[in-house]
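The next block holds one structure in the form of structure tokens; read it before the comments.
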Amino acid sequence: MAELKRIAICDDEIGTCSDLEKMILDFADCRGLRIETEVFYSGETLYHSIEEQCLYDLIFLDIQLLEMDGVQVGRQIREHLGNDKISIVYISSKETYAMSLFKIRPLDFLIKPLAKENVDAALEQFIRLSEANKNEFYYRIGKSVCRLYLDEIRYFACNGRKVEIYSSLGQKEFYGAMQEVWGQVAGKGFWIIHKSYIVNTAFVSIYHYDSVQMTDGTRLPISQKYRKTMKENLAERYQRG
């Protein structure tokens with residue numbers, strides 16, 4: 001199944017939002033992509049949504065918004081939230097913003113009225129860059145889709161029907177199964193050591209026969225079922241140098 005991409009559209013013109021959303025969904029249908037869109041009509045509501053951990057992979061962001069304009073939203077995302085991963089495509093009826101956008105590092109800049117070929121080109125570029133850097137983990141809490149970057153995650157632990165995520169940002173949990181977790185992280189530096197634990201090898205400081213010690217001091221058991229596989233993984237890693 002194709003990886004879900006979440007795209008936000010922020011413009012105070014209802015017609016522009018409607019046209020752009022249709023272009024995006026048509027693009028997804030033609031290429032067999034899973035894309036969810038969410039529309040905002042002010043910079044404030046978009047920013048508050050991101051601030052509350054409703055993360056988007058891509059934002060089509062109008063510059064000329066009332067109160068909190070698109071440039072301010074972009075600066076807050078990059079500087080206040082420290083988020084350099086969200087791609088931003090600016091849209092405007094004017095071409096005079098190039099220098100003010102420099103520090104925000106937008107993916108593209110489109111002029112209104114929006115042409116389908118230009119929107120498609122921006123989406124193609126976004127998908128191409130996303131494919132080159134698949135390093136996110138997605139999970140659901142209620143109706144919200146949340147995301148963490150794999151290099152932030154230390155390990156996953158199963159606690160009944162919940163999966164606990166231990167990361168550099170603290171602990172989070174969601175309803176799910178470890179098999180679903182493994183489907184996203186297999187082959188990306190994570191190892192299964194127990195039916196209840198999947199670890200990021202970048203955060204393992206010591207390997208023992210029956211346990212691993214994480215960089216934060218946590219010790220996690222290696223079940224008998226996975227000890228042979230762990231030994232083989234370690235031998236392969238040593239051989240690679």
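Read-outs: derived from the displayed coordinates by stated rules, not from any lab. As the structure is a prediction and not an experimental result, all values here were calculated from the model. Here the Cβ is made from the backbone with ideal geometry for all residues, glycine too, and neighbour counts use every protein chain on show.
Annotations for the structure displayed:
- Spin-label zone in the range 62-87 - amide nitrogen under 14 Å from a point set 7 Å from the Cα of Thr96 along the C-beta vector: 64
- Counting 0.36 nm for each residue step from Thr229 to Glu136 and taking away their Cα separation leaves a gain of 31.0 nm.
- Using θ = phi - 60° in the Karplus curve 6.51 cos²θ - 1.76 cosθ + 1.60, the 3J(HN,Hα) couplings for the range 103-118 round to 6, 7, 6, x, 6, 7, 9, 10, 9, 6, x, 6, 9, 4, 5, 6 Hz; x is entered for Gly and Pro.
- When the chain is treated as a Gaussian network with alpha carbon springs shorter than 10 Å, the biggest mean-square fluctuation among Lys228, Lys188, Lys162 belongs to Lys228.
- Long-range amide H partners of Phe40 with built H, under 5 Å: Ile9, Cys10, Asp11
- For Lys94, a cut-off of 13 angstrom between C-alpha atoms picks up these aspartates and glutamates, skipping any fewer than 8 places away in its own chain: Asp62.
- Note on Gln72 and Glu152: the extension gain reaches 26.1 nm, defined as 0.36 nm multiplied by sequence separation minus the Cα-Cα distance.
- Dipole in debye (nearest 20) - the range 110-199, about Cα centre, beta carbon charges: Lys, Arg +1; Asp, Glu -1: 300
- Option label - Cα Rg over 2.2 N^0.38 Å computed here, alternatives [x] 1.02; [y] 1.19; [z] 2.20: [y]
- Bridges between two residues of the range 1-140, per DSSP, are antiparallel at a rate of about 0%.
- Residue by residue, the range 3-13 carries 3J(HN,Hα) couplings of 6, 6, 10, 10, 10, 9, 10, 10, 7, 8, 9 Hz when phi is fed to the Karplus relation 6.51 cos²θ - 1.76 cosθ + 1.60 (θ = phi - 60°); x denotes Gly or Pro.
- Put the Cα centre of the range 1-51 next to the Cα centre of the range 148-205 and the gap is 29 Å.
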